[in-house]
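Below: the structure, in structure tokens.
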Amino acid sequence: MLSPLAMDKKVGLFISWSGEVSKRIAGILKDWLYNVFTEAELDIFFSSDDIDAGKRWSSDLAERLQESDVGIFLYTQKNLDSLWMAFEAGALSKHIDTGRVIPLLFGARVTDLKGPVSQFQGRRFTKDEMLKTLAAINSCLSNQKTEKDLERNLGFSWNYLNEKIQLILEEEQRQVEGEETRDVGEVLDNMYSLIRTSPLYSTSFAKEISELLQEVKSSHEDVSDLIEQVKKTLRGSYLFIDGEKQAFAALIAATMRARREIRSTRFSPMAISGNKNEYGQAIRARVIGTSEIKPVQRYIRIIAANIPEKMRDIETYLEEFPGKNFELYLTRNSHSFEMVIIDEEEVFIHFYGEGQVIDSTLNIVGPEVTKNFINVYNQLHDPNYSDVLKLEFKYMKRNEVDKFRHEIKDFFEMS
């Protein structure tokens, strides 16, 4: 038999948003729900005022996800591809029934939902659908309201709620095209803080990651070593990023937050210069430093000498990096993936498609799995495993650049 304390437990309701419009809707919805139910029945979490600025992606948020019984995810036309909302929905669905993970759409269609979020039963903002949402919350209460009570409460307050929401949506519709959107890199940078500190680390981590890698193995035969390293790992967190724009935004954000050491590769038969110059700028910032950020203690880069155009990237390094903590390894071997390791904390595995620098990305966080991948990375430039040319820029003098340039060109010509 439940104790009185257990029976009086509040229902934890998590409201997720992304962007100014859904944030404003979240505030209105929170106040409205406290009128339909009571503060004695609900504990509503809305990050705008329940977590201090700068702490949104922290253990506080992870604890709130763990404590929530229902999640409402507020989607508008502008945040349908929000990665952090998708992550929150996935994290919540690990411990509650998927029927209580509710994407609520404002000015968008259910069929507009993308990626993992599309597995949940989306609802448009209508009176009937809001009644279903209230019923889902009500089902978690110890002392549930009757269906007639819910219908009566909704009938009294629907016009007020709908009018408030429609005013916001009309403002959104009037906004000019080209309005600045939230920087994806910032979003993913903040998301890293959550998955790094989150107690939601998966104990089935190795199995889940191995299955993801097995799915791409048919078109990327050389991932077997990666799968083996993952199988040795017991704990960690991961995020699958689909699309080149999002992947580069995540990679640039990680590059800029690195504290000590970065290891990266460029096996793809495409140069960075002329394709993804913003990533090249991030590399430069972490090797040389800026007025706002110090250089890392060590930057290692492996480049496959498989196309002459990559000399453009290397020319930039020869011009700017002599005397810096930069190590370049040229190799004759190519692979169907890229690997970037940030400090000893996270790994990016990129798979590239035809005509793309990056097609999809697996971002893995955790010191144990990172240590295993550092072993794989070291083998990629080990002369015992492949023919490599090593250049340590720390000891390179300006008057020696031409000599190294000729050495590099000879290596490319022989590849």
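No value in this document is a laboratory result; all are computed from the given coordinates. Remember, it's a predicted structure, so these values are computed and weren't measured experimentally. Neighbour counts run over all protein chains shown; Cβ positions are idealised from the backbone, glycine included.
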Exercise for the section: Write out the trypsin sites (Lys or Arg not before Pro) in the stretch 57-154 meeting two conditions: DSSP loop, and at most 16 other Cβ atoms within 10 Å of their Cβ. Expected result: Lys94, Arg109, Lys114
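Could you pull out the pairs from Lys9/Lys145; Lys23/Lys148; Lys114/Lys164 whose alpha carbons sit more than 23 Å apart here? Working shown, then result.
Working: Lys9/Lys145 15 Å; Lys23/Lys148 31 Å; Lys114/Lys164 27 Å.
Flagged as over cut-off: Lys23/Lys148; Lys114/Lys164.
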Practice task
Would you calculate the separation in nanometres between label points at Ile288 and Arg259, each defined as 7 Å from the Cα along the Cα-to-beta-carbon direction?
Solution key: 2.7 nm
Exercise for the section: Step through the residues of the stretch 332-349 one at a time and calculate ³J(HN,Hα) from phi using the Karplus curve (6.51 cos²θ - 1.76 cosθ + 1.60, θ = phi - 60°), rounding each to whole Hz and writing x for Gly and Pro. Expected result: 8, 8, 10, 9, 8, 9, 10, 9, 10, 10, 9, 6, 10, 10, 8, 10, 10, 10
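Can you pull out the GluC sites (Glu not before Pro) in the stretch 275-333 whose DSSP state is coil and whose Cβ has at most 13 other Cβ atoms within 10 Å? Display every interim value, and only then the final one.
Numbers: sites: Glu278, Glu292, Glu309, Glu315, Glu319, Glu320, Glu327; in loops: Glu292.
Sparse-neighbourhood loop GluC sites (Glu not before Pro): Glu292.
Starting from 0.36 nm per residue, how many nanometres of slack lie between His406 and Glu151 once their C-alpha separation is accounted for? Could the numbers behind the result be given before it?
Working: separation 255, 0.36 × 255 = 91.80 nm, distance 7.93 nm.
The span from His406 to Glu151 would gain 83.9 nm if fully extended.
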Handout entry: Virtual spin-label span in nm between Ser336 and Gln119, 7 Å along Cα→Cβ
Key = 2.5 nm
Completion exercise
The simple spin-label model distance between Gln66 and Glu368, using points 7 Å out along Cα→Cβ, in nm, is 1.7 nm
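Which order do the peptides 19-27, 36-44 take when ranked by the mean count of other beta-carbon atoms within 10 Å per residue, highest first? Each step should come with its number before you reach the end.
Values: 19-27: 19.4, 36-44: 16.8.
Answer by packing, highest mean first, reads 19-27, 36-44.
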Exercise for the section: Within the stretch 66-135, list the GluC sites (Glu not before Pro) lying in a DSSP loop whose Cβ has at most 13 other Cβ atoms in a 10 Å radius. Expected result: none
Practice task
Between the alpha-carbon centers of the stretch 377-415 and the stretch 255-307, tell me the distance in whole angstrom.
Solution key: 17 Å
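Stretched out fully, how many nm does the piece from Arg109 to Tyr34 gain, at 0.36 nm a residue minus the Cα gap? Working shown, then result.
Numbers: separation 75, 0.36 × 75 = 27.00 nm, distance 2.69 nm.
Fully extending the segment from Arg109 to Tyr34 adds 24.3 nm.
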